[in-house]
Structure formats: structure tokens, C-alpha cells
1. Here are B:E118, B:E94: which of them is part of a loop (DSSP other than H, G, I, E, B) and surrounded by fewer than 19 Cβ atoms within 10 Å (Cβ to Cβ)?
2. So for the range A:156-166 (the condition being open to solvent by 40 Å² or more (accessible area, probe 1.4 Å), of a type outside the set (G, A, S) and within 14 Å of chain B (Cβ to nearest Cβ)), does at least one residue qualify?
3. Quickly run through the range B:167-188 and pick out the residues that are within 8 Å of another protein chain (Cβ to nearest Cβ) and surrounded by fewer than 21 Cβ atoms within 10 Å (Cβ to Cβ).
4. Search the range B:34-55 for residues being within 9 Å of chain A (Cβ to nearest Cβ) and touching a residue at least 24 places away in the same chain (Cβ under 8 Å), and hand back the single one that is nearest to B:G105 (Cα to Cα).
5. So A:L125 fits all but one of (1) within 12 Å of chain B (Cβ to nearest Cβ); (2) of a type in the set (A, V, I, L, M); (3) open to solvent by 10 Å² or more (accessible area, probe 1.4 Å); (4) within 16 Å of the chain's Cα centre (by Cα); what number is the exception?
6. Scanning the range A:128-154 for residues that are out of contact with any helix residue (DSSP H, G or I) (no Cβ under 9 Å at 6 or more places or on another chain) and either of a type in the set (F, W, Y) or within 26 Å of B:G45 (Cα to Cα) (or both), which turns out surrounded by the most Cβ atoms within 10 Å (Cβ to Cβ)?
7. Under 7 Å between Cβ atoms, at least 6 apart or on separate chains: pull out the pairs that start in the range B:147-166 with a residue that is more than 23 Å from B:A38 (Cβ to Cβ) and end on any residue that is part of a helix (DSSP H, G or I) and not aromatic (F, W, Y).
8. Just to be sure I understand, how many residues within the range B:43-64 are touching a His at 6+ places or on another chain (Cβ under 9 Å), within 15 Å of B:L32 (Cβ to Cβ) and open to solvent by 20 Å² or more (accessible area, probe 1.4 Å)?
Protein chains: 2
Amino acid sequence: MRAFIVLGHRVPLTPDFSLNDLPGSAGRLDVLCRCVTAAFCLSHGIRRDVIVYLVLQNQIVVRFDGSRLKHLNPDERSTAALIQKALKAFSESEHRDRERESTPGIFIAAGGLSDALERVTRAGLTVYWLHEQGSSIRQAELHPRAAFVLSDHLEFLPEEAALLERFPRLSLGPLSLHADHCIVIVHNELDLRAGLASSDALP
Amino acid sequence: MRAFIVLGHRVPLTPDFSLNDLPGSAGRLDVLCRCVTAAFCLSHGIRRDVIVYLVLQNQIVVRFDGSRLKHLNPDERSTAALIQKALKAFSESEHRDRERESTPGIFIAAGGLSDALERVTRAGLTVYWLHEQGSSIRQAELHPRAAFVLSDHLEFLPEEAALLERFPRLSLGPLSLHADHCIVIVHNELDLRAGLASSDALP
């Protein structure tokens, strides 16, 4: 089991945005969509043993559960449409603290980074903070049941850093990379360590 | 210098496609757009020392030159719009064998895989074929001036494989990955070997 918690700082909290303008009026939702693709999409299948938490402005958590996920395609626009559907379901919900499944495998509820951290901790995952000043992932001892926390195109806020400072920091290389590219590298490192066969990815 | 040659087997050869349907009527152009992003985009800058060749149906080559590239954003739609502009310039060109610069750093001409291979070879780059049956990139001797050949969502065609079989094959891990994710992993491997500092990426 691997989880990725991605912080979206400017993504809208309502479905009123255009799928034609993900980097603009949708607050760089394109970044989060590529993170979802990087987390789940293999060349011919979905990584079923992955959970993604998109934390929107520390107010809403959209959870993608690979074991139940359907209708996920690798392109940004269709993923954004799924998130838009989730936000629509959320806006119509009377019990926003309760998770609602908007499409198979996609759940939405009020919540923030602390809620996502609590869930992965409760699930027994070891949390790592992906951070440019961390120790090298290649040299690190890595638990195979792990959750990784990343930010979108913006830096971690002080209140986020305060929640994260108790976790070990891992860095991936000498350059500052996009969040989705970080997810690709983490998966590759864990795949190599696990020596996973392709047959482990269900179609 | 790093180069990536990406084969697009179904991408249209004319600009008559909708930016709203990259995976459908645009023949999985979304894959190629993500490859361009993976090849060039750092968190805060562009990798200037990279060239990408998109080979469309073995008939047109779109060349992205990082040293001159402008207007490149990380999202799929805006990259697809740049490719669409290039195809428009190509359709209006009277000398299609001659490269034409459609926007800064993006060039288009008639050509196929063999032309792209000839250019990178002439530039003194060592060519590697990214292939699931290759030897592990982590154990391989890698020339820092290298070109890597990848396919979109489809397998290499027999005529492509025939052109590539003289080059060493490299594999990246135990799972079959999207082409753009392969580019991310190759960059990371070379970044780590070069110990590049962030300052090497020009804004």
C-alpha cells in the first residue's frame, strides 16, 4: 500500500471552473490531475494498491482509492472532470463531514492535511515528507507501506510544515521537480525494491 | 545534452483537431504533451539542455529545442496548442522538407524516425532504446550526452524496431510505464549522476 497526500493551495472549492482553463481559473488543478495520473496509471492498468488524498485549500479532501477506482484516464481534462463531479457532489451534500463517493473510488469530505495524515497513520502507513532538504530516497530505509506528502506548485505553508516536521524528510535528486514527477520517482524506487512483476497491476 | 525521441503513432498530421479531445480525435496527443512537459519542465524553470523530437506517424518531426523554447507551460492543453500551431505552419509551408520555426524553439518538417536518429547521431549523442527487455538503467554505463527513444501508448512497429535494434536497450523498472513517466526517471538518473545543482536550470 502506498499513499500520496498532495496539497492544492489554489484549487477552487466549488465546481464552477472551466475544464479549458485548468492552470488559470482552476488554480493549477492541472498539477493535481497529473499527480493522480502519476499515482495510479501504468501503461496498461491501474495501480490498485494506491490511495491519493488531494487536500484542497486545507478545507476539502478528495480521496482516490485505487482498489475501487473506475473511469480514470491518464489525461488531465478527464481527471479534472472527475474532481469537478466530486466538488459538485460536495456542494450538494448536507453532511459535508461525511465522505461521499461521487464516482467509483472517488470520495469527498470536508477536511484538511491533519485529517489526511490521521487516516494514513491509522491505516498503519509510515509517513514521509518529500522535501528538497531531505535525505536521499535511494539511501533511505523505506517502509513499503508508506505515505508521501507533497505540495503543488507552491511551497508548504508554515502551518503545514508544522504538522509535517515530525516526519522524516526524503529528497529525490538535486533539482526541484514537479509534484507528479516526484510521485513517478517514488513509485519507481519502491517498484525496484519490491521487484514487482507487471502482473501485479490489475487492468 | 539530452534528447528524447517520442513516436506518436496516431497523432493527426493536420491541425484539425479539438484541444478538448486530446485522447480521442487527437490520437492520444495528451501522451506526447506530457512527454514534452516531463522532458523540459522543472518546478521553477526549463531544462535548456534538452531536445525533444516528436515523430508523428513517421511522416512529420516536431523538434523542441530547450535552448530557444518560449511559451511552454506544463499543462497538456497549452502544449497541444503549440503543436497545433506547428502543424498549421507545416500545412501552409511550401517547402515541407525544410524545418520551419512555428513558435520560439519549436520546429517542424517532414521526416520520420530515421531522420531524428540521424540528427542526434550527427550531434554526437549516444542513442539508447528504452525497452522493457533492456538492461537496468541503474546498472548501465550512461553517456551524459544521450538520446532516448520511446513510444507513445502503442508498441514499437516492426519497421521502427528494425531501425532501433543496433542501439543498446535500457529498462527502467519491473512495470510497464507511460512514456512521460519514463522520461522523468531517465532525467532523475542522469541528474543524480551529474549531481546537478538547481542553478543549472535557467528560468
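1. Just one listed residue meets the conditions, B:E94.
2. yes
3. Passing the criteria: B:P174, B:S176.
4. Only one residue fits best here, namely B:R47.
5. (1)
6. A:G134
7. Taking only residues 6 or more apart or on different chains, the pairs are B:L163/B:L113; B:L163/B:S114; B:L163/B:L117.
8. Qualifying residue count, the range B:43-64: 2.
The values are calculated or read from the model by the stated rules, or taken from the named source; none is laboratory data. The shown structure was predicted, so the numbers you read here are calculated from the model rather than taken from an experiment. Ideal geometry is used to build each Cβ from the backbone, glycine not excepted, and the neighbour counts take in all protein chains shown. Calculation scope for accessible area: heavy atoms of the full protein, side chains included, ligands and nucleic acids excluded. Shrake-Rupley method; radii C 1.70, N 1.55, O 1.52, S 1.80 Å.
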